Structures are given as C-alpha cells and as structure tokens.
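A short reminder: the numbers here are calculations on the coordinates, not readings from a lab. Keep in mind the model is a prediction, meaning the values are calculated, not measured. Methodologically, a virtual Cβ is constructed for each residue, glycine included, from the backbone with ideal geometry; neighbour enumeration extends over all protein chains shown.
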C-alpha cells in the first residue's frame, strides 16, 4: 500500500529578499476585497490563507467617493470606492497590533499621487511589526505629471519602485495596471528597479449608464471593472509578463474556480489573488487550497511549481539563479 | 390613544408542509454561509411573494429584527447577475427552523428569486447587519412602512406583540393591492394604511397619518423609500423634544461583500461614511445625512 504525500503548495514570493515572503499556499485575498482581515476573521479560517492584502492605504485619511460606489456589470462589477481608508497613521495605530496575533502573512497595499509619498509610507511601514510585505498600487494618478497614471508608464512605475526600494527592506510587490499600453515593459522596468514580485491585473476602467435617469450610474462616473468578465485580459497579461520577467508573478482577475486559478498558474503565476470572487463566494479561497492539492495529486504532480508557466513558451521564472548562487553573492 | 380605523380580519397560521422536500442544510466552509431549500412561495401585496426557506437553528437563535441575508440570485454555473441581493427577514420560524423574505420582482435578481419553487436551493450569507432594538422601558412603538420596506417591521412587530407592547403600524403603498393584509400582523397591532390613489385607507402619504402618534410613541421605527425618511424628519421634528422619541430607520443599499470589507454600501452620517452592512442598515434618523 502506498500513500501519496500531500503536494507541496508553499511558495516564496520574494526569493531575492533576505526577509523572504514564504506562503504556506498560493491563495491570497486581494486588496479592497478583504478589508483589513478582521472583517472576514469570523467568517472564514483566515489562518489557512496563503496571505491577504489589506485595503489600499494613502498618506492622508480619505472619506472616499459619494454613493453609488458599486454597480453590477455583465459577469462582474464596477467599483469607485475612492480609497476610503484611515490614512497611513490611522492604519499603523490600529492594524499591526491586530495582525500580530495571527500567523497568516499580512501585506499592506499603498497608493499615492507622488513618488515621495510612496517612499514616506514605505519608510513608516518598514518600522512596523506584523507586516509581511508591501504591495505598491501604481494605478494612481501622478499629480506631478498631469495626473497620468504611474502604472501606464515604465519609467514612472520604476521611479516609484526605486523610491519604495530605498525606503524599506520589506518584500515589495508592484501591482500593475492593465491600462498600460505595454504591460511587459512596465513589468521589466519595475523588476529592474527592485520589485521582489509583481502582481496583476488591477481593475480595468469602465462605466455604466442609468438609462432611466440618463446619467452615469456611479457617482464618480467611471469605476474599476472586476470579476469573471476581465479574466481573459488578466490571463493574457500574466502570460506576457511571465515571458518578460524573472521575479515571481501573482495573477488575479475574475478567479471563481479551480479551473480559473489553474489558467493563471499555467500562464506563469506563482500565486493568485481572489478579489470579487470572495464577495460572491466567501468559502472560495479556502476551498481552492484543498481543490488545488487534490488536482495536483490526481494529475501526478508532487508540487505546485511543477505546473507554473508550463503553458507559456516564453516563461522566465525558471531562469533565475538557483538559491546556491545567491548564497555565493552574499545575500 | 387616538383611535384608528383598522381592519381586524385574521386568518390562522400558515402551513408550510408543502411538496415532499427533505430539509437539508449544507455548509459551505464559511460560517454564516449556508445553503437553504425553498419551502414555500406565496403571493402577497400584488406582484410580490413571501419566500420561505430552511435555515440552521443556530442562525435563528442569533437573529434580530432588521437583520438581512445576502442571497445568491442566479443559477449555479452562471455569472449573472453576479452579486448577492440583500433581503431583510420578514418573519423567523422556530419549528422547523425557517426564514421568510418579502420579494417584489423589480430587477433581474429579485425577478429570479420570486420565480423559485419549493425544493430549489439558495446560497445564503447571514445574518448580516445590525438590528432594530426596543429600549427596555419602551411601551409604545410607532412603525412606519413604505412598500416592501415593511418587511423588517413585520418581524419587529411580532417581537413587540410577544412582549405585550402597544404597536401602531402605519403603511403606505401606491394602491390597495400593494398593502399588507391585516392578517399578516399580530392582533395586538393597531394597523392603519394610506394609498396614493385612495383605493384603501387614507388618500395620500403614510407620513400624513403619523402626526398624532409621534408624541404618543416611546420609539419610532421606519423602513421605506428614502423620500419617506425626509418627510418623516419634517413631520416628526416639531413634535420631538430632545431627540425623543428616538427614530430608527433602515436603509437599502446594493451590496458586494456584506461584511464591511469593500465599503461599497456606505451611508453618509455625522460620523462619516459608514458601511450599512455592519453598523447598519439600521441608523438613527438624527445621524444620517439625507
């Protein structure tokens, strides 16, 4: 009689970083969809998650947009929450002490409108306990450049990444915007600038019109599109980025099932995030961990990394130096 | 107390032993999430239905009037409509444990839900939100319901009647068919109605009937469309002293997470933007910015 060992699901999202960002599994709750963790702590077993990413934090506290902030769209939704959050100082007062009681890695998402503000927030977070990493949201307007989105421009995104890199030794994940004319170039630029990992995609910009009132449905007019409708775009972009960079990639965009998650792994993602899927199916993230393990066993794989990028001819992750080489470099 | 013209016909308890469905409760791995089976779907208030579904007894033991459930309103394998819909509990039942919701087909989600048949399964998340509370020394309660907004007030009035409190329940609808039948409320409840077209009761708004009761009441509860709350404020303000009687309203917002994480359902209050799925949907009328 033979027993099959449980497949290896653990992943390291910051292999080049002395801190490491080792997760017990590749399932992460996405920013904006999981609050600060405590909102879901009584609903799902959050200690089983690979990690979660907090709501986006900004330098100052923000009240967010007027209502309506959300509207349903075909196989998805639009949101224009407006980054309502307590600001970096309100955040550090309240949440690290809560997170310190948990073992699940907690990643802070940061948003800003100037390179300097990103760096200031990173420096503050660098000194906080209980933070496993920083996810840098570059889908924000660069006020110094007429509000052009950082994430649409490789050099602007790299500048933000460099500033954050100089401010902290924590693992840095840069979250890319699908609005970039050439997302692979943005990915290469942030990798070169010091990102430990890259996550994508953020939401696409969309709109819905209220035919009865003859006005946009959202108070903000436009909003971010998420959910199953955006999955094909997300898979394509993960595929392109995975052929361009060697750091780990975290894929997201409309994942609602094991099959969806597998598309991202096969395209080259080392880990995935679930966002909108958690709203409609709170049990999904935890269920996926078990379903993924079962699928790997059934397909004859002994660990997750055996499937990462195998649908992608240009996959680069495997070409990073092996751990032994890093030791010789003195890391 | 001022007198009212109220109908008093009252039928017996409803019978839920319908088609041969097995009462099954499936858990889904997330607490407060469960799968219900439809027990009955009964027409009410014109084109609306009372939808009764199974529920875990643990859910019922913590359930309070004013709380709601986010219900999946699409078939398995479909993505439309994607988001769950929030429904306040109309009535809770002990034996067998069950929940009744008032569903009026208005959009795609509610239309789908109103068409369900006994035996079908529904994905449920809840109970969610805060609740209507009855202050310990309150004896006289005024309830004001507009259209399907009456749902949580029916559950509240059941609780008040069980405590032998005096309840005046005023409801407004466009026309007679949109009104709750008096048999749906406890005998103890004084029930008065208003219709826009005068087909039954007072011709006009329900808020035009409550003036005599604002000072009579120890506490006021309202649930209905937002314009009704503005009118309520205008009517009640001159009659209140030092914010008494207290006025509690329940707001209706589209929901994504239902748990206070996404901030898509906020209400503007004197304390800032508050998630109506956690520190709502019940709010103090004095705190809300309408």
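Of note:
- Candidates A:269, A:63, A:51, ranked by Gaussian network fluctuation over chain A, Cα under 10 Å, top entry: A:63
- Taking B:277, A:149 and counting other C-beta atoms within 10 Å, the order from fewest to most: A:149, B:277
- Chain B - share of DSSP beta bridges that are antiparallel (%, nearest 5): 60 percent
- Distance between modelled label sites at residue B:251 and residue A:113, nm, 7 Å Cα→Cβ extension: 2.5 nm
- Fluctuation leader among B:178, B:46, B:58 - chain B, Gaussian network, Cα springs under 10 angstrom: B:58
- 10 Å Cβ neighbours from other chains, averaged over peptide A:269-280: 3
- Seen from a random direction on average, the alpha-carbon convex hull of region A:1-101 projects onto 11.0 square nanometres.
- With the simple spin-label model, which puts each label point 7 Å out from Cα in the Cβ direction, the residue B:279 to residue A:222 separation comes to 3.2 nm.
- Peptide A:69-80 shows a mean partner chain C-beta count of 5 within 10 Å per residue C-beta.
- Sorted ascending by nearby beta carbons within 10 Å, beginning with the fewest, B:44, B:241 become B:241, B:44.
- DSSP beta bridges in the protein assembly as shown [antiparallel fraction, %, rounded to 5]: 55 percent
- Region A:11-329: antiparallel DSSP beta bridges as a percent of all, rounded to 5: 45 percent
- Computed extension gain for residue B:215 through residue B:181, at 0.36 nm per residue and net of the alpha carbon distance, reaches 9.6 nm.
- Region B:104-221: Rg to Rh, with Rh as the Kirkwood radius over Cα pairs: 1.02
- Anisotropy class of region A:29-183 from Cα gyration tensor, a/c 1.5 cut: oblate
- In region B:30-181, Cα pairs under 8 Å separated by at least six residues give a relative contact order of 28 percent.
- Three-way shape label, region B:26-128, alpha-carbon gyration tensor, a/c 1.5: oblate
- 10 Å Cβ neighbours from other chains, averaged over peptide A:282-291: 3
- Ranked for footprinting exposure by Cβ neighbours inside 10 Å, fewest first, B:41, A:174 give B:41, A:174.
- Cα-based shape type of region B:37-86, given that a ≥ b ≥ c are square roots of the gyration tensor eigenvalues and the cut on a/c is 1.5: oblate
- Label-point separation in nm, residue A:38 to residue B:289, each point 7 Å along Cα→Cβ: 2.5 nm
- Counting every pair of alpha carbons in the protein assembly as shown, the share spaced more than 40 Å apart comes to 34 percent.
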